[in-house]
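Colleague: Structure incoming, see below.
The values are calculated or read from the model by the stated rules, or taken from the named source; none is laboratory data. What you see is a predicted model; the values in this text were computed from it and never measured. As a convention, Cβ positions derive from the backbone with ideal geometry for all residues, glycine included, and neighbour counts pool all protein chains shown.
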Amino acid sequence: MVFQLGGEQGRVIPGPSAYQKDWHLISQEGTMERFIRKKSLEELVGQLFMVGFEGTGFNSDLSYFLKKLHVGGAIYFKRNVQDPFQLAELSRSLQEKAMEISSIPLLIAIDQEGGSVARLGTPFTQFESQSAMASADEPEARVRFFAQTQARELKLMGINMNLTPVLDVNLRGPEGIMASRSYGSDPYRVSELGTLCIREFQQNGIMACPKHFPGIGDTDLDSHEDLPIQLKDKTELERVELVPFREALKIPPAAVMVSHIRYPAYDLKHPASLSESIISGLLRKTLGYDGLVVTDDLEMGAIGKHYEIEEALFLTFTAGVDCLMICHSPDKIERGYFYLLNKIKKGTISEDRFKKSLGRILTLKQKFLQSFFPLPEKEIKEYFLRK
């Protein structure tokens, strides 16, 4: 995608059906570039951010994120969910407001892995962990059913990206940090089940985001708490950890999430999420992935205890990440946005670097967000009554 940066505001469209029709027309071949030239730099920089928030309805924080920071994505946690009707209304409100302001729909993501990492409680279908699926009598059938069912329920809610599957290879036994979240200790079995999961989600219209590249299944410290270090050499990492990702990238997945783990074999100083040698080098150049790269939450202990949000954003973006995830603090979201905007305005971050990430984000939205609103309440009610 080739485009220039411009300055006009997008026009306002009155209702959901018109919003979708307008976006469909905008996103056709040859028209997106003209549309982008009408947008201000402030609007376009916001597309890089995926943000978390408090509350179960559209509120002042969300209004600020969309009107002033022009964010391109949102992520849901348990704190945002009460029931299917509330969640669908939240998605609808977010997309309506995003379209009114920018005419670009949002990425709306969630971590819905099954087991302990699942944000949607009953009446949504409850699934066992990835490790339990892998141990089932017919694991392929179980993973296929999981992905198809979750895709259906996420689409009902207007959620378009699932930050799954976990492609980490658990080498720490039943006590390992990733024990329940991994498909197991065999990298080739993890590959088989992980690629099946990705294909099923994406064939059913939901973007998959495998994680945590290049693999965290053999660490003894949780990156939510602090910065783990993986001391394996390249040969061992390529023999085990990289196997599932190498296979998954052949599909390819809509997005890949990079870990907050330091791998001295590739980068002596920075964790993977801030490492140019791992993101632009290993992931993009060596493995050939040119899709969306997403950070894990930049407020996790592995980053937050060692970097200010501004430094973390600068390092991760210049390293090659496209989508910057900040899940909790409105202050850090605001600081991060204006910091990055200023760096791009001053040329400290090149326009070419910025446009590459913007292009990946908009290309993904063109592909997956031709329909982006939740389904009508009647269909939601009928679905859950049948369950």
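Colleague: Looking at the structure I just gave you, is residue 93 assigned to a helix (DSSP H, G or I) and closer than 16 Å to residue 330 by Cβ?
Modeller: No: the conditions fail for residue 93.
Colleague: Does the range 186-207 hold any residues that are buried (at least 18 other Cβ atoms within 10 Å of the Cβ) and of a type in the set (Gly, Ala, Ser), and which are they?
Modeller: If the condition is that a residue be buried (at least 18 other Cβ atoms within 10 Å of the Cβ) and of a type in the set (Gly, Ala, Ser), then 191, 194 are the ones that fit.
Colleague: I'm checking my understanding of the structure. Among residues of the range 134-159 that are assigned to a helix (DSSP H, G or I) and among the small types (Gly, Ala, Ser), which one is farthest from residue 170 (Cα to Cα)?
Modeller: Filtering first and then ranking leaves 151.
Colleague: Please find, within the range 153-179, the residue that is farthest from residue 248 (Cα to Cα) out of those that are surrounded by 20 or more Cβ atoms within 10 Å (Cβ to Cβ) and among the charged types (D, E, K, R).
Modeller: 153
Colleague: Within the range 160-183, how many residues turn out to be part of a helix (DSSP H, G or I) and within 18 Å of the chain's Cα centre (by Cα)?
Modeller: 0
Colleague: Does the range 249-259 contain at least one residue that is under 16 Å from residue 185 (Cβ atoms) and either surrounded by 23 or more Cβ atoms within 10 Å (Cβ to Cβ) or of a type in the set (Asp, Glu) (or both)? Spell out the reasoning first.
Modeller: Within the range 249-259, the subset under 16 Å from residue 185 (Cβ atoms) is none.
No.
Colleague: Right, another one. Just to be sure, is residue 113 among the acidic types (Asp, Glu) and farther than 25 Å from residue 129 by Cβ?
Modeller: Considered against the rule, which asks whether it is among the acidic types (Asp, Glu) and farther than 25 Å from residue 129 by Cβ, residue 113 comes out as no.
Colleague: Mind checking which residues of the range 336-360 are of a type in the set (S, T, N, Q) and surrounded by fewer than 17 Cβ atoms within 10 Å (Cβ to Cβ)?
Modeller: Answer for the range 336-360, where residues must be of a type in the set (S, T, N, Q) and surrounded by fewer than 17 Cβ atoms within 10 Å (Cβ to Cβ): 342, 348, 350.
Colleague: Let me ask something additional. Suppose we keep only residues that are among the charged types (D, E, K, R) and modelled with pLDDT of 95 or more within the range 173-199. Which one would you say is farthest from residue 129 (Cα to Cα)?
Modeller: 199
Colleague: Turning to a different aspect of this structure: Taking residue 316 as the residue in question, decide whether it is crowded, with 18+ Cβ neighbours inside 10 Å, β-branched (Val, Ile, Thr) and more than 21 Å from residue 178 (Cβ to Cβ).
Modeller: yes
Colleague: Could you look through the range 40-67, keep only residues that are touching a Gly at 6+ places or on another chain (Cβ under 9 Å) and not aliphatic (A, V, I, L, M), and pick out the one that is farthest from residue 365 (Cα to Cα)?
Modeller: Filtering the range 40-67 for residues that are touching a Gly at 6+ places or on another chain (Cβ under 9 Å) and not aliphatic (A, V, I, L, M), the one farthest from residue 365 (Cα to Cα) comes out as 61.
Colleague: Sort out which residues of the range 212-242 are touching a Gly at 6+ places or on another chain (Cβ under 9 Å) and buried (at least 18 other Cβ atoms within 10 Å of the Cβ), and write them in order of number.
Modeller: If the condition is that a residue be touching a Gly at 6+ places or on another chain (Cβ under 9 Å) and buried (at least 18 other Cβ atoms within 10 Å of the Cβ), then 217, 218, 219, 223, 227, 230, 237, 240, 241, 242 are the ones that fit.
Colleague: Mind checking which residues of the range 306-334 are within 21 Å of residue 44 (Cβ to Cβ), outside any helix (DSSP H, G or I) and not small (Gly, Ala, Ser)?
Modeller: Residues satisfying the conditions are 321, 322, 323, 324, 325, 326.
Colleague: Follow-up question, since we're still on this one. Quick check: anything in the range 241-253 touching a strand residue (DSSP E or B) at 6+ places or on another chain (Cβ under 8 Å), among the β-branched types (Val, Ile, Thr) and touching a residue at least 24 places away in the same chain (Cβ under 8 Å)?
Modeller: Looking through the range 241-253, none of the residues is touching a strand residue (DSSP E or B) at 6+ places or on another chain (Cβ under 8 Å), among the β-branched types (Val, Ile, Thr) and touching a residue at least 24 places away in the same chain (Cβ under 8 Å).
Colleague: Now for a separate question. Yes or no: residue 329 modelled with pLDDT of 95 or more and either of a type in the set (D, E, K, R) or within 28 Å of residue 366 (Cα to Cα) (or both)?
Modeller: no
Colleague: Something else about it: Within the range 279-297, can you find the residues that are under 18 Å from the mean Cα position of the chain (by Cα) and of a type in the set (Val, Ile, Thr)?
Modeller: 279, 293, 294, 295 - these are the residues of the range 279-297 that are under 18 Å from the mean Cα position of the chain (by Cα) and of a type in the set (Val, Ile, Thr).
Colleague: Output yes when any residue across the range 117-131 is more than 25 Å from residue 244 (Cβ to Cβ) and either acidic (Asp, Glu) or part of a helix (DSSP H, G or I) (or both), and no when none is.
Modeller: No, the conditions are met nowhere in the range 117-131.
Colleague: Residue 295 is checked against (1) at pLDDT 95 or above; (2) surrounded by fewer than 23 Cβ atoms within 10 Å (Cβ to Cβ) and fails just one. What number does that condition carry?
Modeller: (2)
Colleague: Within the range 361-375, which residues are surrounded by 18 or more Cβ atoms within 10 Å (Cβ to Cβ) and under 12 Å from residue 207 (Cβ atoms)?
Modeller: 361, 364, 365, 368, 369, 372
Colleague: Would you please list the contacts, defined by Cβ atoms under 9 Å and residues six or more apart or on different chains, that run from a residue in the range 126-151 that is farther than 19 Å from residue 177 by Cβ to a residue that is assigned to a loop (DSSP other than H, G, I, E, B) and of a type in the set (Val, Ile, Thr)?
Modeller: Pairs that qualify, where the first residue is farther than 19 Å from residue 177 by Cβ and the partner is assigned to a loop (DSSP other than H, G, I, E, B) and of a type in the set (Val, Ile, Thr), are 146/125; 147/164; 147/206; 149/125; 150/125; 150/164; 150/206; 151/206.
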